[in-house]
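Reading through the structure tokens given below for one structure.
Just so you know, all these numbers are worked out from the coordinates, no wet-lab data involved. Note that the structure is predicted; figures quoted are calculated from it, not measured.
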């Protein structure tokens with residue numbers, strides 16, 4: 001479907017099934033694509049200038065990328081926040097718990113969690 005990325009890694013889709021985000025960790029960028037009814041991807045656009053190992057999305061459409069802690073971007077690709085993690089690398093991130101208000105973060109040597117005001121809708 002996509003063959004022009006250096007090292008694709010993180011991937012997440014929006015709950016409505018209309019947008020797919022793909023992190024190209026090798027290029028240090030994340031792209032957004034429109035998902036067509038037949039499953040093909042169109043409209044490749046730069047979402048943000050940050051690649052990622054893992055990623056997730058919350059109910060407001062914010063995208064969470066890993067690497068140096070967790071960096072949060074709003075649905076338009078504007079940096080909305082950063083969660084510092086006291087380790088050199090974060091690899092994966094997902095929402096969990098009974099109400100999906102807990103963000104779980106895996107790092108080089110540990111697992112971290114933080115309670116959030118928003119809730120997750122999916123994870124990868």
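Summary of values
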| item | result |
| --- | --- |
| Potential extension, residue 49-residue 34 segment - 0.36 nm per residue separation minus Cα distance | 3.5 nm |
| Cα shape, the chain, gyration tensor, a/c 1.5 rule | oblate |
| Shape call, region 1-68: gyration tensor on alpha carbons, a/c limit 1.5 | oblate |
